[in-house]
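One structure is given below, encoded as structure tokens.
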């Protein structure tokens, strides 16, 4: 993948060393987070000299941006394939809602170390924040569209809004549990990962399927 933050080489041998450099940086982040990422360690693991690294990037900041762009693109493709597999099963809403919560949770858990590192640095790097935001929006859209395949089974009067809110709430809970942000997580509470996934699946199903047409209108909600 071409990156705006790295000078990608054209020759095969140079491309291979560039890929090794990005692979090494990604593994370092996954193992030790941001504090572990240094150009010296990337050089040692990738067997690419510091001088060659500087031929590709201007420093650690651009290296991190290049790694994020490549890894998030890979994750986007992975989630798109996951969504396609779920869609092919043509599940009814009562099975689809818990399934999508479980799939999203397992997906985020697989990539938690990298995502956590990217999000931590994005607080002070608007480029990382923008790139991460685009990936988040794509994941949200994929999640929402799968649920909307069963919009005829929704009880909620505004299916699009309901599907959007489901993603926001589910993602937020999963992110807190996995420690993606700097505001702490919920791992100290007395429930397990499996409990969280099961309960979120039931919450999503209940919210989508509940008949709200005759419910009392909430203050401030437009008619």
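Any residue in the range 55-83 that's surrounded by fewer than 17 Cβ atoms within 10 Å (Cβ to Cβ): show its pairings with residues that are not in a helix (DSSP H, G or I) at Cβ separation under 6 Å, as long as the two are six or more apart or on different chains.
73/1
If you go through the range 17-37 one residue at a time, do you hit one that is more than 26 Å from the chain's Cα centre (by Cα) and either at pLDDT below 95 or farther than 18 Å from residue 122 by Cβ (or both)?
yes
With the structure loaded, tell me whether residue 112 is crowded, with 20+ Cβ neighbours inside 10 Å, out of contact with any strand residue (DSSP E or B) (no Cβ under 8 Å at 6 or more places or on another chain) and closer than 21 Å to residue 178 by Cβ or whether it fails that test.
no
Might you let me know whether the range 161-176 holds any residue that is over 23 Å from residue 196 (Cβ atoms) and touching a residue at least 12 places away in the same chain (Cβ under 8 Å)?
no
If we scan the range 149-158, do we find a residue that is assigned to a helix (DSSP H, G or I) and surrounded by 18 or more Cβ atoms within 10 Å (Cβ to Cβ)?
No - not one qualifying residue is present in the range 149-158.
Name, by its number, the condition in (1) in contact with a helix residue (DSSP H, G or I) (Cβ under 7 Å, 6 or more places away or on another chain); (2) within 24 Å of residue 69 (Cα to Cα); (3) at pLDDT 95 or above that does not hold for residue 197.
Single failed check for residue 197: (2).
So residue 103 passes all but one of these: (1) surrounded by 14 or more Cβ atoms within 10 Å (Cβ to Cβ); (2) more than 14 Å from the chain's Cα centre (by Cα). Which condition number does it fail?
(2) is the only condition that residue 103 fails.
When you scan the range 53-147 for helices (runs of 4 or more DSSP H) that lie fully inside it, which ones turn up with 2 or more residues that are over 23 Å from residue 163 (Cα atoms)?
60-88, 112-122
The values are calculated or read from the model by the stated rules, or taken from the named source; none is laboratory data. All values reported here derive from a predicted model rather than from experimental measurement. Methodologically, a virtual Cβ is constructed for each residue, glycine included, from the backbone with ideal geometry; neighbour enumeration extends over all protein chains shown.
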